[in-house]
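Below: one structure, written as structure tokens.
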Amino acid sequence: MDLIRPSSPLQEDTTPSRAVARTTALHCSSRRRPRTVAVAAAAMAAGLLLSGCGGGAATPGAENASAADPASAAGATGSINICGGKDASGIYKGTAEAFTTANGKVTAKYTEIGATTDEARTQAVQRLEGKSTECDIFLTDVIWTSEFASQGWLLDQTKLVEANKDRLIPSTVETAKYEDKYWASPFFTNAGLVYYQKDKVAKPETWQQLYAEAAAAPGNSFVYQGKQYEGLTVNFLEMLYSAGGEVLDSKGEVKIDSPETREVLDFMSQGLKDGSAERAVLTYNEDPARLAYESGNYGYQRNWPHVFRLLNATPLADSFGVAPLPAWEGGKASGVLGGWNLAISAHSTNQAGAVSFIDFATTPDWQKHVAMDFSQAPVNEAAYSDAAVLAKMPFATELLASVKGAKPRPISPVYPQISQAIYKNVYAVLSGAASIEDAVKTMAEEIKTAKASF
């Protein structure tokens, strides 16, 4: 049986293929509706952008998208194709096979279109921009929603999500939202946890307590994902959200230039100076953080649920506890959601079959199998208290607390640029390359520039 995989938000790619695909999408979609494009972005690789648009009629944006009909599932027949990245745990193929057996009228198959998250996204964008009918459903990273919806690539799933809302954890539903509509259905989710050595340190209730105990003695320190990449954005936002800060407000205005941002940056920076965390964390993503913790020389680790199984295969088995992310002192706990959603292509030739598949994949019964058979985090709350699930996933209660308290990352079609502005400037502070004040101002300006480019 495979393990819970860290959601791709922590594998966010900033490779040229992603940058070109993203810029191409923005350039081409500018034909559909007016927008202000930053001069630098417009100038970059202009020849590539023009050659990548293709011909044909313009695709409508989100405001003109067709809607999925929940009632259509009853009469669905034929076949559907679900497309996405590497199926490491077997959950995608397994769900397609189980649906085919249970439904009897619709045949579903899973097609891998990329070995990595970046490749899967690039391949999805190419198909969607080219109006390919190959894929009826795309497995979409939770951070792709705004971008894909804004281009008119997806069916509006508002009615479908509303019909199934009673079976879905509210925080997971928010990852599928853009401009007050839902563009996908949550399939499985993810949220951070804290692993702690029970013989060294206490279960953390606040970030301040965790950092104080981590600095109290050699071998107590805290390991997390501090490398300059998407993982650092997530680690920073977990503290910022719990401290009451935000990146964008409900109207999309940039609010990251705030006392809360300065407080969190100072807290994280001081933690590196006083020994709460070693400077080596500035080189860590998920696996290096996990391996460092497995040495037994640390008290705390922030990581994803998949680490539980891996730790139980080491000498640390039975010596560690698992806790939800702690609260900010005077505030409340708030994680950052990962996970994957099911989005129906605007070019699907079997929309009814796609709706039928989503209905099946989000049922409480199948969501138990999401946990038991594939070790993924369900989007159905009842699954977490099921006896069979708890036997396979004993930390389910802690995981549910993290999922329920988690928030989506900033909802914007230019999220990759927003994230880069965050992790680049947070890293500059932690590494000592920039002052907090300069980094906050730069971060805010870069996010405003990113938003102005769309």
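Within the shell of other residues whose beta carbon sits under 14 angstrom from the beta carbon of K109, the net charge comes to -4, with Lys and Arg scored +1 and Asp and Glu -1.
Of the peptides 334-342, 378-386, the ranking by mean beta-carbon count within 10 Å, highest at the top, reads 334-342, 378-386.
Alpha carbon centre of region 268-290 versus region 145-223: separation in Å? If you average the Cα positions of each part, the centres end up 22 Å apart.
For K404, the lysines whose Cα falls under 21 Å of its own Cα, not counting residues fewer than eight places away in the same chain, are K165, K177, K181, K203, K332, K368, K392. Computed over region 285-423, relative contact order equals 22 percent, with contacts defined as Cα pairs under 8 Å that lie 6+ residues apart. Peptides 346-356, 439-449, ordered by how many other C-beta atoms sit within 10 Å of their residues on average, highest first, read 346-356, 439-449. The mean sequence distance of close C-alpha pairs (under 8 Å, at least 6 residues apart), as a share of the length of region 169-240, puts its relative contact order at 14 percent.
Remark: relative contact order (the chain) = 25 percent; criterion is Cα-Cα distance under 8 angstrom and separation of 6 or more residues.
In a fully extended conformation the segment linking R279 and E162 would gain 37.5 nm over its present Cα-Cα distance, using 0.36 nm per residue.
Using only alpha carbons, region 58-126 has a radius of gyration to Kirkwood radius ratio (Rg to Rh) of 1.05.
Where a number appears in this text, it was derived from the coordinates with a stated rule and is not lab data. Here the structure is a predicted model, which is why all the values come from computation and not from measurement. Backbone-built Cβ (ideal geometry, glycine too); neighbour counts: all protein chains shown.
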